[in-house]
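Colleague: My structure is below; once you've seen it, I'll send some questions.
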Amino acid sequence: MSISEKIREIMAGILDINKEEIEDDSAIGDFATWDSLNHLKIISTIEKEYGIRFTPDVLMDIEDFSDIVAATEERVKE
């Protein structure tokens, strides 16, 4: 399973939506359940899943699904 697919599954589970609803440009606020608390849950779950940490600078730059995937892929390769 690709990182993108796994993150889509994580997000769908936390946000209680179908993973097919999540598009590359889906951003916080696009879904009623994607609030700041669930955003933190998504980030935390991804960090645990891949054994990585996002720095505060990176977290500030994450605005949509594609940003989350890109930030994760960068750290998983390191």
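The values are calculated or read from the model by the stated rules, or taken from the named source; none is laboratory data. Everything numeric here is computed off the predicted structure, so don't read it as measured data. Neighbour counts are summed over all protein chains in view; Cβ atoms, including those assigned to glycine, are modelled from backbone coordinates with ideal geometry. Heavy atoms of the whole protein, side chains included, go into the accessibility calculation; ligands, DNA and RNA do not. Shrake-Rupley method; radii C 1.70, N 1.55, O 1.52, S 1.80 Å.
Colleague: From zero up to wherever the largest Cα-Cα distance of the chain sits, split into 5 Å bins and tell me the percent of pairs in each.
Modeller: Over the chain, the share of Cα pairs per 5 Å bin runs 3, 16, 32, 29, 15, 5, 0 percent.
Colleague: Quick one: length gained pulling T55 to D24 fully straight, 0.36 nm per residue minus the C-alpha distance?
Modeller: On the way: separation 31, 0.36 × 31 = 11.16 nm, distance 2.20 nm.
Stretched out fully, the T55 to D24 stretch lengthens by 9.0 nm.
Colleague: With a 1.4 Å probe and all protein chains kept in place, how do M1, M11 rank by accessible area, largest first?
Modeller: On the way: M1 145, M11 0 Å².
Putting M1, M11 in descending order of accessible area: M1, M11.
Colleague: Let me ask another. With only Lys, Arg, Asp and Glu charged, each at its Cβ (+1 for the first two, -1 for the last two), find how big the charge dipole of the chain is about the Cα centre; round to the nearest 20 debye. All intermediate terms of the calculation are to be shown ahead of the outcome.
Modeller: Details: 8 positive and 20 negative charges, 98 e Å.
Computed charge dipole of the chain: roughly 480 debye.
Colleague: Fully extended, how many nm does the chain gain between E74 and E5 (0.36 nm per residue separation, minus their Cα-Cα distance)?
Modeller: 23.3 nm
Colleague: Write out the GluC sites (Glu not before Pro) in region 41-70 meeting two conditions: DSSP loop, and at most 14 other Cβ atoms within 10 Å of their Cβ. Let's see the in-between values first.
Modeller: Numbers: sites: E47, E49, E63; in loops: E63.
Taking region 41-70 and a limit of 14 other Cβ atoms within 10 Å, the loop GluC sites (Glu not before Pro) found are E63.
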